[in-house]
Every structure is written in C-alpha cells, then in structure tokens.
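First comes the structure, then the notes that go with it.
The values are calculated or read from the model by the stated rules, or taken from the named source; none is laboratory data. In this text, all values refer to a predicted model and were calculated from it rather than measured experimentally. No Cβ is skipped: glycine too gets one built from the backbone with ideal geometry, and neighbour counts run over all protein chains shown. The protein model used for the area step is the full one, side chains on, heavy atoms only, and it has no ligands, DNA or RNA in it. Shrake-Rupley method; radii C 1.70, N 1.55, O 1.52, S 1.80 Å.
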Amino acid sequence: MSQPAPMITKDGRFAYEAAGDPGAIPLIFLHGIGGAARAWRRQLATFGERFHAIAWDMPGYGGSAPLASVSITALAEALQQFIEQLGATRPILVGHSIGGMIVQKWLVQFPKLARAIVLAQTSPAFGKADGDWQKSFIAARLGPLDRGETMTSLAPSLVKELVGDDPDPKGMELARECMASVPEASYRAMMLALIGFDQRSTLGNIPVPTLLLSGSKDNNAPAPMMAKTATYIPGAEYVELAGVGHLANLERPDAFDEALGRFLNSVTTKA
C-alpha cells in the first residue's frame, strides 16, 4: 500500500492525509487518543476510490498544532475549522473512541452540516471525575507516565490491552507506532478531556443517518453499552464485530471496511 504524503491546511494548523477525488463526497476519519491520521491508511486506500477520504491528526498530534486549552467542546470547534479549511461540504464523519465523542459534540453545534455519521467504538458519556470507574481508568493510563514510563515504552502493553482475538499483525505494528508517537502532553490532555463528557441527552436529536460500530471484546466501549446507545438514536444502525477489541479498523480491517462500506452504500444510494 502506498503511503500518502502528509498534508497541511492553508492556515497551517491541521495535518492530515487524504486519498481520492477532492470533488467527491468527503469522508472524514477521526482517530482515538492513541492514534494518528496514518492509523486510517487502509481505509483511505479502500474508500478513496469512491470518496474524498480524509484523516486528520487531532490537535496536538502529528503535525497538527495543539490547542491552548483541551476539551471535547474545543476539539469539536477545531473539527469545524478543519472542515472549513478543506471546503468539505456535507461530510460523512467516522469517529473512533474520543473521535466519536468529538463527532457527537460537533453534531450538537452544527446539526445540519453532516451527511451521515459513524460512531465507532465510542461512548455518549464518560462520567464525573469522582466516579470510581473514571478515577481508576485515568489512574491506570496516567500512573505509569507519572512513574517515569514513556509513550514509547508503554505502547506495546497499551495496545495489547486494547485488542481482541487474533488481530492483524501489520495493524498491530501500526497501532504500536501510532501510540508510541503520541506526545505525552497531548495524551494526558486528551485523557483529562474525557472527564465530564456526557451527550446522552442529545442522542434523540441526532438528525442524520448513524451507524454504531462495536467490538464484542472491547472493554473501553463495551458492546452492550453501544447497542443500548443505538436505541436512543432515531433510525440508527448497530453492528457488532465478533472477537474484536477497541481498535477494529487495525485489528480486523476487512470486517471494519465491509461494515462501513455497507453503511456508506445505503447512505449514498438514498442521497
């Protein structure tokens, strides 16, 4: 697979990779806390034949400038600025993990701008800072850094904890590379940005076709939670990938692309 050359928006703020005809329907991929634009290269190659497939480096990642203050709201505003820089009209957004949270927040702020959305292995809420689960989640991820570990030293164990059964070896190599390259300051800021996120009350107002995509072995965004979330979104479609952990597009790229492709076909046929 050829590797796309990293690109930068005119304002110099956002780095991204892209494939396909710039005049085609924009299909924008948003990675998770341990990811990068290049985590979507397989999808850019697959869907660049029909769409203008785009993957950003989230602010503070890769060549994208960090935000002065990191929150899901600020990230959603940055996403809109990125979309405007690209001139992407009525995009389809695919958000993985925190990327899916950003999409949810963005959709509340700009409800009429999307053609459709995909919420991949994400949640409508993280919860309050003083919750036991939330405190243990943050401590488990930031504690090793506090004790002197680095993102490079932690990457193999962090990725191993995230995946399910028999993940694709090349995908796992890329996952480790992405995780190792995340700046520690960005990783910390994104983890803390999760605290207090809660869009459950807005799920019923999502006005566009929506696919929720889960993995049966995902401990971060458990499949039963995602299946329940789908019931609150009007007309949402829910797909669960058997044996898959939290990194579906890297663990089982064929299964991920097949599920996404079916949804995209249904959306573009109706359009």
- Query: A24: net charge of surrounding residues, Cβ under 10 Å, Lys/Arg +1, Asp/Glu -1, itself excluded?
  - Reply: -1
- Message: Below 15 angstrom from the Cβ of W56, what's the summed charge of the other residues (Lys, Arg +1; Asp, Glu -1)?
- Response: -1
- Message: Between region 135-169 and region 186-237, what is the separation of their alpha carbon centroids in Å?
- Response: 22 Å
- Return the sequence-ordered ³J(HN,Hα) values of region 17-28 in whole Hz as given by the Karplus equation 6.51 cos²θ - 1.76 cosθ + 1.60 applied to θ = phi - 60°, using x for Gly and Pro. 10, 8, 8, x, 6, x, x, 7, 4, x, 10, 10
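Give, as a single signed number, the net charge of other residues whose beta carbon lies under 10 Å from the beta carbon of Q81, with Lys and Arg counted +1 and Asp and Glu -1.
With Lys, Arg at +1 and Asp, Glu at -1, the net is -2.
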- Message: Students sometimes get this wrong: rank D218, D166, D198 by accessible area, probe 1.4 Å, all chains present, largest first.
- Response: D166, D198, D218
- Task: Under 21 Å between C-alpha atoms is the cut-off here; go through the chain and count lysine pairs that meet it, provided they're at least eight residues apart or on different chains.
- Result: 8
- Item | R50 paired with A65, simple spin-label distance in nm, labels 7 Å along Cα-to-beta-carbon | 3.7 nm
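Calculate the FRET efficiency for F110 and K228 from the Cβ-Cβ distance with a Förster distance of 25 Å, rounded to the nearest 0.05.
Values: r = 26 Å, r/R0 = 1.03.
Once the sixth-power term is evaluated, E becomes 0.45.
Quick check: at a probe of 1.4 Å, how many percent of the accessible area of region 181-271 sits on carbon and sulfur atoms?
54 percent
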- Would you mind getting me the FRET efficiency between Q85 and N205? Use the beta-carbon distance for r and R0 = 25 Å, nearest 0.05. 0.40
- State the dimensionless ratio Rg/Rh of region 135-262 (Rg: radius of gyration of Cα atoms; Rh: Kirkwood radius). 1.00
- Query: log10 I(q)/I(0), Debye, Cα-only region 190-271, no solvent, q = 0.19 Å⁻¹?
  - Reply: -0.96
- Item | Calculated P(r) tail over 28 Å for the chain, as whole % of Cα pairs | 27 percent
- Kindly work out what percent of the DSSP beta bridges joining two residues of region 9-146 are antiparallel, to the nearest 5. 25 percent
- Message: For region 111-188, I need the span (max minus min coordinate) of the C-alpha atoms along each principal axis, in Å, sorted largest to smallest.
- Response: 45, 38, 26
- Item | Average accessible area per residue (Å²) across the chain - probe 1.4 Å, nucleic acids and ligands excluded | 43 Å²
- Message: With both bridge residues required to lie in the chain, what share of the DSSP beta bridges run antiparallel, to the nearest 5%?
- Response: 25 percent
- Please name whichever of A65, L142, P111 sits farthest to the positive end of the charge dipole of the chain, dipole taken about the Cα centre and charges placed at Cβ: Lys and Arg +1, Asp and Glu -1. P111
- Item | Student exercise, the chain dipole from Lys, Arg, Asp, Glu Cβ charges, in Debye to nearest 20 | 540 debye
